[in-house]
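Below: the structure, in structure tokens.
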Amino acid sequence: MVKDFAARHGSALRSLAVIAGTLATAAAVVVAALLAVFFAATVAVIAVMASALLAFAGLAMRARRTARARRSDNVLEARHLGGHHWVAYGWNERS
């Protein structure tokens, strides 16, 4: 009889430990799910920002190409040498 009592002793603590372990596991699963959603949203925001950056870079490159293509040959290039001195290039190369 003493042996049976000793074997069953602590069963209430064991059941409380199982319940606590189950609650801790559930809490860990909930925290992991929230972190996964948070990091997925972070990656999505970074992807949107990167695509916007690439779109603006593409627009800038297209504008640069357009501005360079519209340059006329009637424009002289000049360099300021200081004071009232300027040197113009391209005026003698007109055809």
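At-a-glance table
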| item | result |
| --- | --- |
| For ALA57, net neighbour charge (Lys/Arg +1, Asp/Glu -1) across residues whose Cβ lies under 15 Å away | +3 |
| Gain in span if fully extended, ARG62 to PHE38, counting 0.36 nm per residue against the direct Cα distance | 5.0 nm |
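Every number in this text was worked out from the coordinates using simple rules, so none of it is lab data. The model shown is predicted, which means the values in this text are computed figures rather than measured ones. When we count neighbours, we look across all protein chains shown, and the Cβ atoms used for this are built from the backbone with ideal geometry, even at glycine.
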